[in-house]
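Asker: Structure below; questions to follow.
Quick note: the coordinates plus some simple rules give every number you see, no bench work behind them. Bear in mind the structure is a predicted one, so any value in this text is a computation, not a measurement. Cβ atoms come from the backbone with ideal geometry, glycine included; neighbour counts cover every protein chain shown.
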Amino acid sequence: MCVSAGRPVLRALRLGLLSYPEALSVQRGCVRCLRAEDGQDTLLLAEHRPVYTVGIRQGPYPGEEERRLRDLGADFQRTDRGGLITFHGPGQLVCYPVLDLRRLRRSLRAYVCGLEGSVIRLCRGLGLEAARAPETGVWLQDRKICAIGVHCSRHITYHGLALNCNTDLSWFSHIVPCGIVGKGVTSLSAELGREVTVDEVIPRFLEAFQEEFACTVEYSDDHMTATAMT
């Protein structure tokens, strides 16, 4: 990680719309570079083709449930992130920070709180009273607007957060999102009553991330391909 005027410098790369395995491959390539001390702390920004993912807390997932979800037209992936089942799809800003937490001088818990704080700052800048809850993520009362699930090994973290911008929320009706019964899911568009795109949200998110983590983010909005990054 570079340092500018006492602030850590991260890069942010936009990957565009891609499959979940492609994004995971890019993340793991960045992790390998960090472990070899030949890489830079990076925020990978993406949207996914429709996919349901389950985290390491989920345990064995019934095959018939997986088939049911695939029959809806979505992919299904088991992952090594924290958390339970969720959905990713177009209209959702997915941010995968691949970071060495020692450079940010953050514990894992403080880092996750920082991810929540970044999205809370963004939402409040749009006039939405977002907040934390006992469950991880960012909430508007009992409606979850941002899911968070990370993996950390030897101080290096990947996976990250998924913020609903103008996501088709009907995909969530086929699961119990994040395993939380009795609470709903929402999006920036649903809450603000207008179309809020990923393109609109990215600059706001990066600004909020910089404020929350006291860092500088150098952003390239040229869509990178997964092949070019691995």
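Asker: At R0 = 22 Å, how high is the FRET efficiency between residue 49 and residue 183 if r is their beta carbon distance? Nearest 0.05 is fine. Before the final figure, lay out each step's value.
Answerer: Working: r = 26 Å, r/R0 = 1.19.
After rounding to 0.05, the efficiency reads 0.25.
Asker: May I pose another question? With a 10 Å Cβ neighbour count serving as the proxy for reagent exposure, in which order, fewest first, do 168, 38, 100 appear? Don't jump to the answer; show the numbers that get you there.
Answerer: Values: 168 14, 38 8, 100 18.
Going from least to most buried by this count: 38, 168, 100.
Asker: Name the shape class, rounded, prolate or oblate, that the alpha-carbon gyration tensor gives for the range 1-125, where a ≥ b ≥ c are the square roots of its eigenvalues, rounded holds for a/c under 1.5, and otherwise prolate holds if a/b is larger than b/c and oblate otherwise. Walk me through the numbers on the way to the answer.
Answerer: Details: a/c = 1.92, a/b = 1.80, b/c = 1.07.
Prolate, because a/c is 1.5 or more and a/b exceeds b/c.
Asker: What is the order of 189, 153, fewest Cβ neighbours within 10 Å to most?
Answerer: Values: 189 17, 153 10.
In increasing order of surrounding Cβ atoms, one gets 153, 189.
Asker: Further question: Just to confirm the filter: which GluC sites (Glu not before Pro) across the range 17-84 are DSSP coil and have at most 11 other Cβ within 10 angstrom of their Cβ? Numbers along the way, then the final one.
Answerer: On the way: sites: 22, 37, 47, 64, 65, 66; in loops: 37.
Counting only loop positions with at most 11 other Cβ atoms within 10 Å, the GluC sites (Glu not before Pro) in the range 17-84 are 37.
Asker: Okay, next question. Using 7 Å Cα-to-Cβ label points, what is the residue 155/residue 17 separation (nm, one decimal)?
Answerer: Between residue 155 and residue 17, the label points sit 4.0 nm apart.
Asker: Let me ask something else. Multiply the residue gap between residue 28 and residue 80 by 0.36 nm, knock off their C-alpha separation, and tell me the result in nm, one decimal place. Please list the in-between numbers first.
Answerer: Details: separation 52, 0.36 × 52 = 18.72 nm, distance 1.18 nm.
My answer for the length gained is 17.5 nm.
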